[in-house]
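A quick write-up on the structure given underneath.
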Amino acid sequence: MLDPALLGASLYVPATHPRLEQVLAGRAYEARSVIACTEDSIGESEVDSALAQLRTVLRQLPEKTSGPLRFVRVRSPEVLQRLLQIPGVDRLHGVVIPKADQNTLPVYMRELEGSDLLVMPTIETIDAFERDAMLAFRRELSRPGVRERCLALRIGGNDLLNLLGMRRPRDCTLYETPIGTLIAQLVLTFKPHGFALTAPVFEYIDDQALLLAETRRDRAMGLVGKSAIHPSQLEVIESGLRPCEREFAAAQAVLKNGAPAVFKFDGAMMEAAVHRQWATRVLARAHAGSRRPPDAAEA
């Protein structure tokens, strides 16, 4: 299993993108992960051409050890079935499952039998607002054969807002909307049971300051990555996700050999037993984004 922290900023592109091979190979943009979409970003009439392009592109991609993490967001179980028949599908790391719940996930998992592709189910249906439904979904995700293949759960912010008849406001982060409360509920439902979650897209490409503020809120919420809908968002998201210098130093102090059980560091009380898991994840996040040093912006 890959470390979900490796996802970082996940660049979404339509599977009809004219430079799809360069994007998936990592030659077009510096994205840690890329998701080629056959669902909401293209029309029904474009599905055949998207799969035809994937048939051409996948066989040209490098092995999975080279380039970004690569995923395809499938439109339906039928599209997944067609994708799995394409030569070169083994160059992908996994698939993103849309509108996943306890009823739809087993259908996709049956199609994936015999494949080693990882899955990232997307929480974006009305079930997200029902705790009992999310508990049932967690039980389905915890089944043998599913749990070990689930890299992360993706939160579909725009679809969830749509269910409320809302659109993200321009002047505030997602956390100032009802979806902020929902994200907290999803974190409490899934994260203690070992499931990583990623953050929704930020649709206003021209407001990088607000994107950075929201990404820092994502990080504080314990989310491990964030979807990007434009290359200009990649560096902003990476900056918001990576630990600041003070956080990095504190994590190192907790994990240092011989650290006392309780000690003072940077004006705060640190407890080795209580903060060890947090510190481990901070260093993993820093290592995953090791192209860049910890961000001093918040220090």
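The values are calculated or read from the model by the stated rules, or taken from the named source; none is laboratory data. Note that the coordinates shown come from a computational prediction; the quantities given were computed from them, not determined experimentally. Glycine gets a Cβ as well: all are built from the backbone with ideal geometry, and neighbour counts include every protein chain shown. Just the protein is used for accessible areas: all its heavy atoms, side chains included, with ligands, DNA and RNA removed. Shrake-Rupley method; radii C 1.70, N 1.55, O 1.52, S 1.80 Å.
Which sequence of 215, 280 reflects their accessible areas, 1.4 Å probe, from the largest down?
Details: 215 0, 280 65 Å².
Putting 215, 280 in descending order of accessible area: 280, 215.
What is the sum of charges around residue 272, taking Lys and Arg as +1, Asp and Glu as -1, for the other residues whose C-beta is under 13 Å from the C-beta of residue 272?
Details: positive: 256, 264, 276; negative: 271.
Its environment carries a net charge of +2.
Pull up all non-local amide H partners of residue 97: gap of 5 or more, or a different chain, and H-to-H distance under 5 Å with H placed in the peptide plane.
Close amide H contacts, sequence-distant or interchain: 120, 122.
Note the full-extension length gain between residue 213 and residue 265 as 0.36 nm times their separation in residues minus their Cα-Cα distance, in nm to one decimal.
Value of the extension gain: 16.1 nm.
Using θ = phi - 60° and the Karplus relation 6.51 cos²θ - 1.76 cosθ + 1.60, list the HN-Hα couplings for segment 80-97 in order, rounded to whole Hz, with x at every Gly or Pro.
Once θ is set to phi - 60°, the couplings for segment 80-97 become 4, 4, 5, 4, 5, 8, 7, x, x, 4, 6, 7, 8, 8, x, 10, 9, 9 Hz.
Under the definition of Cα pairs under 8 Å and six or more residues apart, what whole-number percent is the relative contact order of segment 154-210?
On the way: 35 pairs, mean separation 29.0, N = 57.
So the answer I get is 51 percent.
Along segment 216-226, what does the Karplus equation 6.51 cos²θ - 1.76 cosθ + 1.60 (θ = phi - 60°) give for ³J(HN,Hα), rounded to whole Hz, x for Gly and Pro?
After applying 6.51 cos²θ - 1.76 cosθ + 1.60, I find 5, 5, 4, 5, 5, 7, x, 7, 9, x, 8 Hz.
Relative contact order for segment 132-266 using alpha-carbon pairs under 8 Å, separation at least 6, rounded to a whole percent? Please list the in-between numbers first.
On the way: 122 pairs, mean separation 28.0, N = 135.
That works out to 21 percent.
About its Cα centre, how strong a charge dipole does the chain have in debye, to the nearest 20, once Lys and Arg get +1 and Asp and Glu get -1 at the Cβ?
Roughly 800 debye for the chain.
Would you tally the net charge around residue 203, using a Cβ to Cβ cut-off of less than 14 Å, leaving residue 203 out, and scoring K and R as +1, D and E as -1? Numbers along the way, then the final one.
Numbers: positive: 167, 168, 170, 226; negative: 40, 159, 171, 206, 207, 214.
Result for the local shell: -2.
Taking only C-alpha pairs under 8 Å that are 6+ residues apart, what is the relative contact order of the chain in percent? Walk me through the intermediate numbers first.
Details: 493 pairs, mean separation 49.6, N = 299.
Once normalised by length, the contact order is 17 percent.
Where does the charge balance sit around residue 40 when Lys and Arg score +1, Asp and Glu -1, over other residues with C-beta under 12 Å from its C-beta?
On the way: positive: 73, 75, 99; negative: 39, 44, 46, 124, 159.
It works out to a net charge of -2.
Assign unit charges at the C-beta atoms only (+1 for Lys and Arg, -1 for Asp and Glu), then state the dipole size of segment 32-77 relative to its Cα centre in Debye, rounded to the nearest 20. Can you show the working numbers first?
Numbers: 7 positive and 6 negative charges, 68 e Å.
For segment 32-77, the charge dipole is close to 320 debye.
For segment 271-287, take each phi angle, set θ = phi - 60°, evaluate the Karplus expression 6.51 cos²θ - 1.76 cosθ + 1.60, and give the result in whole Hz per residue in order, putting x for glycine and proline.
For segment 271-287, the Karplus-derived couplings read 10, 4, 5, 6, 9, 5, 5, 4, 5, 4, 6, 4, 5, 5, 5, 5, 5 Hz, x marking Gly and Pro.
Between residue 172 and residue 126, with labels modelled 7 Å along Cα→Cβ, what's the label distance in nm to one decimal, could you check?
Each label point lies 7 Å from its Cα, and together they span 2.6 nm.
Give me the number: length gained by fully extending residue 102 to residue 90, i.e. 0.36 nm times residue separation minus the C-alpha to C-alpha distance, one decimal in nm.
Working: separation 12, 0.36 × 12 = 4.32 nm, distance 2.65 nm.
Gain on extension, residue 102 to residue 90, equals 1.7 nm.
How much length is gained if the chain between residue 203 and residue 274 is pulled fully straight, taking 0.36 nm per residue apart and subtracting their Cα-Cα distance, in nm to one decimal?
Working: separation 71, 0.36 × 71 = 25.56 nm, distance 3.69 nm.
Taking 0.36 nm per residue and subtracting the Cα distance, the gain is 21.9 nm.
What FRET efficiency do you get for residue 185 and residue 246 if R0 is 41 Å and r is their Cβ-Cβ distance, rounded to the nearest 0.05? The partial results should precede the final answer.
On the way: r = 29 Å, r/R0 = 0.71.
The formula returns an efficiency of 0.90 here.
In nm, to one decimal, how far is the residue 235 label point from the residue 44 one, both placed 7 Å along Cα→Cβ?
Inter-label distance under the simple model: 4.2 nm.
Which of the following values of Rg/Rh (Cα atoms, Kirkwood Rh) was calculated from the structure shown: (1) 0.97; (2) 1.04; (3) 0.94?
(1)
For the charge dipole of the chain, defined by +1 on Lys and Arg C-beta atoms and -1 on Asp and Glu C-beta atoms about the Cα centroid, which residue among 189, 1, 234 has the Cα displaced farthest towards the positive pole?
Of the options given, the answer is 1.
Report, by chain and number, residues whose modeled amide H sits under 5 Å from the one on residue 227, excluding near sequence neighbours (fewer than 5 apart, same chain).
10, 199, 201
Tell me, what is the 1.4 Å probe accessible area of residue 142, in Å² to the nearest 10?
Accessible surface of residue 142 is approximately 60 Å².
Is it possible to state the helix-based mean residue ellipticity at 222 nm for the chain, with each DSSP H run of 4+ residues giving -39500 (n - 2.57), the sum divided by total residues, to the nearest 500 deg cm²/dmol? What is it?
Details: 11 runs with 113 residues, N = 299.
My calculation for the chain gives -11000 deg cm²/dmol from helical runs alone.
Please work out the average accessible area per residue across the chain, using the 1.4 Å probe convention, and give it in Å².
Numbers: 13300 Å² over 299 residues.
About 44 Å² of surface per residue is accessible.
What percentage of the solvent-accessible surface of segment 208-292, computed with a 1.4 Å probe over protein heavy atoms, is contributed by carbon and sulfur atoms? Mind showing how you got there, number by number?
Values: 2380 of 4200 Å².
C and S fraction of accessible area: 57 percent.
What does the C-alpha gyration tensor say about the overall shape of segment 58-205? Classify as rounded when a/c is under 1.5, otherwise prolate if a/b is larger than b/c, or oblate. Each step should come with its number before you reach the end.
On the way: a/c = 2.01, a/b = 1.47, b/c = 1.37.
In terms of gyration-tensor shape, prolate.
Rank 65, 125, 16, 38 by accessible area, highest first, at a 1.4 Å probe radius?
Numbers: 65 140, 125 25, 16 50, 38 0 Å².
Greatest to least solvent exposure: 65, 16, 125, 38.
Could you list which residues have their amide H under 5 Å from that of residue 244, counting only those 5 or more apart in sequence or on another chain, with H placed in the peptide plane?
Sorted by chain and number, the residues that satisfy this are 295.
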